[in-house]
Amino acid sequence: MKKLIKNGIIVTASDTYKADLLIENGVISGIGTNLSPADAEVVDAKGCYVLPGGIDPHTHLDMPFGGTVTKDDFETGTIAAAFGGTTSIIDFCLTNKGEPLKTAIETWHKKSNGKAVIDYGFHLMIGEINENVLNELPQVIEEEGITSFKVFMAYKNVFQADDETLFRTLLAAKDLGALVMVHAENGDVIDFLTKRALAEGKTEPIYHALTRPPEVEGEATGRAAQLAGLADSQLYVVHVSCAEAVEKISEARAKGFDIWGETCPQYLVLDESYLEKPDFEGAKYVWSPPLREKWNQDVLWNALKTGQLQTLGSDQCSFDFQGQKDLGKDDFTKIPNGGPIIEDRLSILFSEGVSKGRIDLHQFVDITSTRIAKLFGLYPQKGTIAVGADADIVIFDPLIERTLSAKTHHMAVDYNAFEGMKVTGEPVSVLVRGEFVIRDKKFVGNLGSGKYLKRAKYKQYTCKNQNETVSIQPS
Ligand code: URP
Ligand code: ZN
Ligand code: ZN
Ligand code: ZN
C-alpha cells in the first residue's frame with residue numbers, strides 16, 4: 001500500500017524543507033507540498049524531522065572474538081539498530097587464512113539470512129594476500145557486491161596483517177574499485193607493552209588503555225596513509241579515537257590523498273577514566289583503540305565539524321559484563337574488546353552534536369548516513385531522500401528527552417555503556433523500503449525482512465531511476 005508522510009520537516013545532507021513524502025513499492029515516488037493520492041495510508045510526522053535512515057558502516061554481529069562470541073546477533077542487533085534509527089548496516093565478515101574467501105562469506109550469509117530486520121552488507125577482512133586471494137577478489141566484488149576490504153594492523157597472532165599485506169590490498173583495491181579499511185594501531189608494539197605490563201603484575205582494565213597509547217594509533221594511521229598514498233589507492237580509517245590519528249589523516253588529506261576517517265560515539269563522550277571504575281566495572285569500557293584523555297573529545301568534535309573526519313560508526317561489538325567481559329577478571333588482555341552501541345549512535349550524535357551546537361543538522365545526516373552511502377557504494381539508493389531512492393526513513397522527534405539505560409535498550413547485553421546519560425531526540429518511527437520496522441516506538445518488523453545489499457564499486461553510483469550507472473566523484 002502507498003504511504004504518505006505528512007507534516008514533517010524533511011532533512012537531507014544539503015536541505016531542510018517542509019513537504020509530504022509519497023512512498024510506493026518501497027521507494028520514494030513523490031515529494032511535494034500538496035500531495036493527496038486517494039489510496040495512501042497517511043502517516044502524520046508533525047513536529048518531527050523526516051530523515052534518511054541511518055547507515056552504520058561498522059558492526060560486529062554474531063562474531064567470534066576474544067574467546068567468546070558477540071552477544072548481539074543479526075536478530076537482536078538489527079532490531080536494536082532499527083530502534084535507534086539505523087536502516088542499513090555493513091558488518092565485518094571475518095576470514096581465516098588458507099580458507100577460500102567464499103567460505104567466510106557463506107558463513108556470514110548464514111548468520112544474517114532470515115534474521116536481519118534492516119538491510120545489510122558485508123566488508124571482507126583480508127588477512128593474507130596470495131594468488132588464491134587475488135584470484136577470488138574479482139568475484140567477491142562482482143558477485144557478492146562486497147566493495148570494501150578490512151585490514152587489521154593490530155591484534156597480533158589473531159587478525160593482524162603485515163605491511164606487505166596492507167600494501168598489496170591497497171593496490172588490488174585500486175585496480176578492482178574497492179575501499180580499504182584499516183584498524184590502525186601498531187600491533188607489534190602493543191604486544192610488547194602488554195606482555196611487559198603483565199610481567200610487572202599490572203592486570204587491571206586500565207592497563208588496556210595504558211598499553212595502547214595514542215602514539216601507536218597515530219603511528220599506524222600515518223603508516224597506512226603513506227602506503228595508501230604510495231599505492232595511489234583509497235583508505236578509510238575506522239574508529240579514530242585521538243588527536244594523533246586525526247593529525248595524520250588531516251596531513252594526508254592536505255596532500256590530496258584519498259583518505260577518510262570514522263569515529264564512534266564512545267570516543268566523543270567517554271574517556272579513559274572510565275577504565276578505572278572499581279569492582280572491575282572498567283571492563284565495560286574496554287575498546288581498541290581505548291578511550292582517551294578527555295581533551296581528545298574536542299579534537300574529534302572539531303574534526304567532524306570541519307570535515308577532517310567524515311563518518312560515525314558504532315563499532316557495535318557487544319559482550320555481557322557477567323560471563324563475557326569477566327573472562328579478563330585477572331588479566332586485562334582477556335577482556336573481550338568492544339561494546340554495545342548500535343542503538344544509541346544517532347541519538348548521541350544528535351543530542352551532543354546538533355542540540356549542543358557542535359555540528360549542524362545537515363552535517364548530522366551526512367555523518368550518519370549520506371557520506372557513508374557514498375563511500376560504500378549505496379548512494380543514491382540509500383543515504384538520501386530523493387525520488388527513486390529506497391524509502392528508508394526515520395521520523396525523528398528532536399525534543400523528546402530521555403535517559404539511555406540497559407533497562408530500556410533493545411540490545412541483548414546486560415549493561416549500557418552510556419547508562420544514565422540524558423539525551424534529547426529520539427526516532428519515533430522507522431521504515432525500511434517503505435515498511436514500518438518501528439512504529440510509535442514499538443517493533444513491528446519481521447525477522448528476515450532485511451535484504452542483503454550488493455554494493456557498487458568505489459565511486460560508482462548507480463542511478464536506479466534511469467537504469468544507468470553514473471560515476472560521480474563525491475566532494
Ligand atoms: O574494541 C573493539 N573495537 N572491538 C571490535 C573489534 C574492532 O577492533 O573493531
Ligand atoms: Zn505496505
Ligand atoms: Zn578495530
Ligand atoms: Zn570494529
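Just the residues that are out of contact with any helix residue (DSSP H, G or I) (no Cβ under 8 Å at 6 or more places or on another chain), more than 16 Å from Leu312 (Cα to Cα) and of a type in the set (D, E, K, R), please, taken from segment 330-381.
Asp330, Lys356
Identify all residues within segment 319-350 that are farther than 24 Å from Thr424 by Cα, within 23 Å of the chain's Cα centre (by Cα) and assigned to a loop (DSSP other than H, G, I, E, B); write none if there are none.
Kept after step one, since they are farther than 24 Å from Thr424 by Cα, are these residues of segment 319-350: 319-338.
Still in the list and also within 23 Å of the chain's Cα centre (by Cα): 319-321, 324-325, 335-338.
Listed by number, the residues that qualify are Phe319, Asp320, Phe321, Gln324, Ile335, Pro336, Asn337, Gly338.
Do you know which residues across segment 45-69 are buried (at least 24 other Cβ atoms within 10 Å of the Cβ) and within 15 Å of ligand 4 (Cβ to nearest atom)?
Scanning segment 45-69 gives Asp56, Pro57, His58, Thr59, Leu61.
All but one of (1) outside any strand (DSSP E or B); (2) more than 13 Å from Ser88 (Cβ to Cβ); (3) touching a Lys or Arg at 6+ places or on another chain (Cβ under 7 Å) hold for Gln381, so report the exception by its number.
(2)
Being outside the structural domain of Arg439 (by TED's automatic domain parsing) and basic (Lys, Arg) is the requirement here; does Lys97 meet it?
On the way: outside the structural domain of Arg439 (by TED's automatic domain parsing): yes; basic (Lys, Arg): yes.
Criteria met by Lys97.
Mind checking which pairs have a first residue in segment 422-434 that is in contact (Cβ under 8 Å) with a residue 40 or more places away in the chain and within 20 Å of Asn446 (Cβ to Cβ) and a second that is acidic (Asp, Glu) and buried (at least 21 other Cβ atoms within 10 Å of the Cβ), Cβ under 6 Å, 6 or more apart or different chains?
Val432/Asp392; Arg433/Asp390
Anything in segment 1-16 that is away from ligand 2 (no atom under 16 Å from the Cβ) and either of a type outside the set (Asp, Glu) or in a strand (DSSP E or B) (or both)? List them, or say none.
Selection gives Lys6, Asn7, Gly8, Ile9, Ile10, Val11, Thr12, Ala13, Ser14, Thr16.
Going through segment 31-90 one residue at a time, which ones are within 16 Å of ligand 3 (Cβ to nearest atom) and modelled with pLDDT of 95 or more?
Selection gives Asp56, Pro57, His58, Thr59, His60, Leu61, Met63, Pro64, Phe65, Thr70, Ile89, Ile90.
For segment 277-300, state whether one or more residues are within 29 Å of Gly222 (Cα to Cα), more than 14 Å from ligand 1 (Cβ to nearest atom), assigned by TED's automatic domain parsing to the domain that holds Ile118 and within 19 Å of the chain's Cα centre (by Cα).
Scanning segment 277-300, I find at least one residue that is within 29 Å of Gly222 (Cα to Cα), more than 14 Å from ligand 1 (Cβ to nearest atom), assigned by TED's automatic domain parsing to the domain that holds Ile118 and within 19 Å of the chain's Cα centre (by Cα), so the answer is yes.
The values are calculated or read from the model by the stated rules, or taken from the named source; none is laboratory data. This one's a predicted model, so the numbers in the text were calculated from it and none came from an experiment. Note: ideal-geometry Cβ built from the backbone for every residue, glycine included; neighbour counts use all protein chains shown.
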